[in-house]
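The values are calculated or read from the model by the stated rules, or taken from the named source; none is laboratory data. Because the structure is a prediction, the values reported are computed rather than measured. Please note: Cβ atoms are built from the backbone with ideal geometry, for glycine as well, and neighbour counts cover all protein chains shown.
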Amino acid sequence: MFSFHATKFCNAFEGGAIVTNDEDLARTLRLMHNFGFAGYDTVVGLGINGKMNEASAAMGLTSLESLDEFIAVNRRNYEQYRRELAGVRGLRVLPFSDSERQNYQYVAVDVDAVECGISRDDVAAVCWAENVLVRRYFFPGCHRMEPYRSSRPVREQVLPVTERAAEQMLTLPTGTAVGPSEVAAVCELLRFVVHRGPEISAALRKQAFDFQTFTNADAAPALARERVLV
Ligand SMILES: *Cc1c(COP(=O)(O)O)cnc(C)c1O
């Protein structure tokens, strides 16, 4: 399945696509995305309104025209992040494999709290205070969200790799709205935060600061204005 949501590499505002090599499944899906209509007034099964509208289709086509440009920009940003964050202790920009084709959409950084002297959440909080909207992608894991959290409770550490990634990963701003000077500024901020990690961490604790409250739409601007962090 592919998502064509506005935040994605190929953007049609909303929507997505399912691909399959199963003819029967393909037929069923085509019927389903139009209410199950098999003819003018014949419904042969359950369906939804999953039709793509013209505006979305047009937007999607412009996305396709620009794919190479998007890849080039994402790649340039990724390579700059790799260069400028190389050697920052505890921060590791996840490498893309050269043996595969990439769109370089996500610049994902692993924040090792012990080595950095500051947790991923605190790094994220400082970034937000500086209007650098990094994201904790993907946090929390599905198994920690409703309805699964309640309906299928899991023991601690049942998915240790997922848990670790959800706790340490940060994705950095990229895409065509982000250029070399923005990447440089983000890297400078990250180097500063890690350099002063324990100090900033302690300052945040003193103010009983937590990222969840901070990203709350009402609280963030006020906190950023007060420059409570650094
Ligand atoms: C985009 C995305 C979704 C949501 O896709 P929609 O097309 O908005 O439903 C879900 N999970 C992941 C991992 C995604 O990247």
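Taking the options Ala58, Ala17, name whichever one is away from the ligand (no atom under 16 Å from the Cβ) and of a type outside the set (Asp, Glu).
Matching residue, one of Ala58, Ala17: Ala58.
If you go through region 87-100 one residue at a time, do you hit one that is crowded, with 17+ Cβ neighbours inside 10 Å, at pLDDT 95 or above and assigned to a helix (DSSP H, G or I)?
So far as region 87-100 goes, no, none of its residues is crowded, with 17+ Cβ neighbours inside 10 Å, at pLDDT 95 or above and assigned to a helix (DSSP H, G or I).
Do any residues in region 1-17 that are of a type in the set (Ser, Thr, Tyr) have Cβ atoms under 7 Å from those of residues that are within 7 Å of the ligand (Cβ to nearest atom), where the two are at least six apart or on different chains, and which pairs are they?
Correct list of pairs: Ser3/Gly16.
Can you tell me which residue within region 1-14, out of those that are of a type outside the set (D, E, K, R), under 15 Å from Gln105 (Cβ atoms) and part of a loop (DSSP other than H, G, I, E, B), is nearest to the ligand (Cβ to nearest atom)?
Once the filter is applied, the top-ranked residue is His5.
Kindly indicate which of Asp68, Asp24, Asp41 is farther than 30 Å from Glu199 by Cβ, in a loop (DSSP other than H, G, I, E, B) and away from the ligand (no atom under 15 Å from the Cβ).
Asp41 is the lone residue from the list that is farther than 30 Å from Glu199 by Cβ, in a loop (DSSP other than H, G, I, E, B) and away from the ligand (no atom under 15 Å from the Cβ).
Name the residue that is nearest to the ligand (Cβ to nearest atom), counting only residues in region 108-123 that are in a helix (DSSP H, G or I) and not acidic (Asp, Glu).
Arg120
How many residues does region 12-41 contain that are exposed (fewer than 11 other Cβ atoms within 10 Å of the Cβ) and modelled with pLDDT under 95?
Final tally of qualifying residues: 3.
Quick one: Met169 ticks every box in (1) away from the ligand (no atom under 16 Å from the Cβ); (2) at pLDDT 95 or above bar one, so which box is it?
Answer for Met169: the failing condition is (1).
Taking the condition surrounded by 14 or more Cβ atoms within 10 Å (Cβ to Cβ), assigned by TED's automatic domain parsing to the domain that holds Ile200, within 16 Å of the ligand (Cβ to nearest atom) and among the charged types (D, E, K, R), does Arg135 pass?
In short, yes.
Assuming Arg75 fulfils every condition listed in (1) surrounded by 13 or more Cβ atoms within 10 Å (Cβ to Cβ); (2) within 16 Å of the ligand (Cβ to nearest atom); (3) not polar (S, T, N, Q) apart from one, which condition is it?
(2)
Do any helices (runs of 4 or more DSSP H) entirely within region 124-211 hold 1 or more residues that are among the hydrophobic types (A, V, I, L, M, F, W, C), and if so, which?
Per the criteria, 160-168, 180-195, 197-206.
Just checking, how many residues over region 44-55 are more than 16 Å from the ligand (Cβ to nearest atom) and touching a Gly at 6+ places or on another chain (Cβ under 7 Å)?
Counting residues in region 44-55 that are more than 16 Å from the ligand (Cβ to nearest atom) and touching a Gly at 6+ places or on another chain (Cβ under 7 Å) gives 4.
Please enumerate the residues belonging to region 38-79 that are under 20 Å from Leu172 (Cα atoms) and of a type in the set (Ser, Thr, Tyr).
Within region 38-79, just Tyr78 meets the criteria.
Only one residue in Gln105, Gln80 is in contact with a helix residue (DSSP H, G or I) (Cβ under 8 Å, 6 or more places away or on another chain), within 16 Å of the ligand (Cβ to nearest atom) and either part of a helix (DSSP H, G or I) or in contact (Cβ under 8 Å) with a residue 60 or more places away in the chain (or both). Which one?
Gln105
Taking the stated definitions as given, is Leu94 of a type outside the set (D, E, K, R) and in the same structural domain as Thr171 (by TED's automatic domain parsing)?
yes
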